[in-house]
Amino acid sequence: MPKPKHYRTSDPAYLRKRKACLAPDPLYCALCGERIDKTLKWPDPGCATADHIDAVSRGGHNLGPLQPAHKLCNEQKGPRARSGDRRRSEDAHVLPW
Ligand SMILES: [Zn+2]
C-alpha cells in the first residue's frame, strides 16, 4: 500500500500535472475566459494558477483534474462550499421576564 501523501504542492506528480495544465500558450482562464498573461509572476492577481476542478477543500483529490485560472479568479471561487453558516447565538438569550 502506498503511503498517503499529506503534502500537496511539493508532490512531484502534482507538479507535473500543474506544469502540463499551465503549458498551453495562449493560456485561458477556465473561470472567466480571459487570457492569462504568463509573464506575470506570483503574487500578481493576474498570474496563472492551477485550479482544482474538484476543490481539495471539498473532498477533491490533490491529483484530480486541474484547470488554468487567474490567481484572482481562483481565490474568488474559493472554498465556498461551507454548509450552513454558523450563526452566533448571542442574541438568543432573551429572558421571558
Ligand atoms: Zn480569470
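Accessible area per residue for the range 12-77, computed on protein heavy atoms with a 1.4 Å probe, is 60 Å².
The label point for GLN67 and the one for ASP25, both projected 7 Å from the Cα toward the Cβ, are 2.4 nm apart.
Between ALA55 and LYS41, the contour length at 0.36 nm per residue exceeds the Cα-Cα span by 2.8 nm.
The values are calculated or read from the model by the stated rules, or taken from the named source; none is laboratory data. All figures in this text were calculated on a predicted structure; none of them were measured in a lab. All Cβ positions, even for glycine, are placed from backbone atoms using ideal geometry, and neighbour counts span all protein chains on display. Please note that ligands, DNA and RNA were not included when accessible areas were found on the heavy atoms of the full protein model with its side chains. Shrake-Rupley method; radii C 1.70, N 1.55, O 1.52, S 1.80 Å.
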